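Notes follow the structure.
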Amino acid sequence: MYISGVHERGYQRCKCRRYPFAGMPVWREWTKYVTGLFIYYAQPFARQQHFWPEICYPSSKNIQTMTKQLIRLFTVFGAAAMLLSACASQQGASAPTANSTHRAAKGKWTLNNVNFEGMPSTSRISTVFSNIPPACLEGSQWNLPENGYGSYAITSTGEGCNAATQSIMWSTRNEGGVIMFKFKELLQGVKAKNTADGYSVELSSVDNTTMVWRAPVNVDGKTAYIVYTFNRN
C-alpha cells in the first residue's frame, strides 16, 4: 500500500507517493530537468499499462519553466557551435596552404598575358626564364600534373620565338606566409634532384578558371613585377 503525501522542495512543491520500503521520494534535485520532463510526459502511459508505480513528479507550472530553461540552454549551445564553425571556416578560407594551393594549381593552363607592374616606360625586359622573350610565352601551354612532373610548350611563331616543349618539375612552397610557385627545367637524362637551377615566382592567386604569378625584378634600384596570367583549359 502506498503512502500519499506532499514533498517540499526549495524551488517547487511536488505531489508524490512514496515506496513503502524506500522512505524517500524517487524525484531528486539533480534530475529536475531531463528526468522530470520524462516522468511528467511518460507516467500517464506507464500507469495505464500497470508497470510503473506512481512516483514524485513536478507540477505543470514547473514543467513549463523547465522546458523554457532547456530551450534557452540548447539555443545558447547551438549559437555557440554555429559561431565557432563560422570562425573556423573563415580562418581556413583566408589562409591557403602550400598543399591546398598545389591541388588548386594542378591541371592544364594557357598563359594568355605577360604584363609588367611598376616598370618605367624607358625600361624593358628582354627575356624571362631560360632566355625566352616575354611575347613568345604568350599562348604557351602548361601541363601541371599532381605528381609534379609537368611541361610547358611554346607555340608562338613570332619573331625570335622557337616552338618547343620543355619538361619541368614543379612545386609550391610557403615562404614567410607567401605561396611560391617553383619549377626546374629538366634536361633529358638528368634527374630533378641533380638539377640545381630553377625559377621561383609568387603564386598570387589561383581558382577554377584563373591563375596569376608575380615575379619581382629590380629595375633602376626599384622593385617591379612581371605578371603572368593563365586561364584553365
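Which condition number does ILE125 fail, the rest of (1) touching a residue at least 40 places away in the same chain (Cβ under 8 Å); (2) surrounded by fewer than 11 Cβ atoms within 10 Å (Cβ to Cβ); (3) β-branched (Val, Ile, Thr) being met?
(2)
How many of the residues making up the range 120-153 are closer than 13 Å to TRP213 by Cβ, at pLDDT 95 or above and part of a loop (DSSP other than H, G, I, E, B)?
Within the range 120-153, residues that are closer than 13 Å to TRP213 by Cβ, at pLDDT 95 or above and part of a loop (DSSP other than H, G, I, E, B) number 1.
Any residue at all in the range 97-119 that's assigned to a loop (DSSP other than H, G, I, E, B), touching a Leu at 6+ places or on another chain (Cβ under 9 Å), closer than 30 Å to SER151 by Cα and modelled with pLDDT of 60 or more?
Yes; the residues of the range 97-119 include at least one that is assigned to a loop (DSSP other than H, G, I, E, B), touching a Leu at 6+ places or on another chain (Cβ under 9 Å), closer than 30 Å to SER151 by Cα and modelled with pLDDT of 60 or more.
Considering only residues that are in contact with an Asp or Glu (Cβ under 9 Å, 6 or more places away or on another chain) and β-branched (Val, Ile, Thr), look in the range 158-190 and name the one that is nearest to SER100 (Cα to Cα).
ILE179
Here's a check for you: in the range 170-207, which residue that is in contact with a helix residue (DSSP H, G or I) (Cβ under 8 Å, 6 or more places away or on another chain) and part of a loop (DSSP other than H, G, I, E, B) is surrounded by the most Cβ atoms within 10 Å (Cβ to Cβ)?
LEU186
Just a yes or no: is a residue in the range 210-233 of a type in the set (Ser, Thr, Tyr), out of contact with any Ser or Thr (no Cβ under 6 Å at 6 or more places or on another chain) and over 28 Å from SER121 (Cβ atoms)?
Checked against the condition, which is being of a type in the set (Ser, Thr, Tyr), out of contact with any Ser or Thr (no Cβ under 6 Å at 6 or more places or on another chain) and over 28 Å from SER121 (Cβ atoms), the range 210-233 yields no hits at all.
The values are calculated or read from the model by the stated rules, or taken from the named source; none is laboratory data. These numbers come from a predicted model, not from an experiment. Every residue, glycine among them, receives a Cβ derived from its backbone with ideal geometry; neighbour counts consider all protein chains shown.
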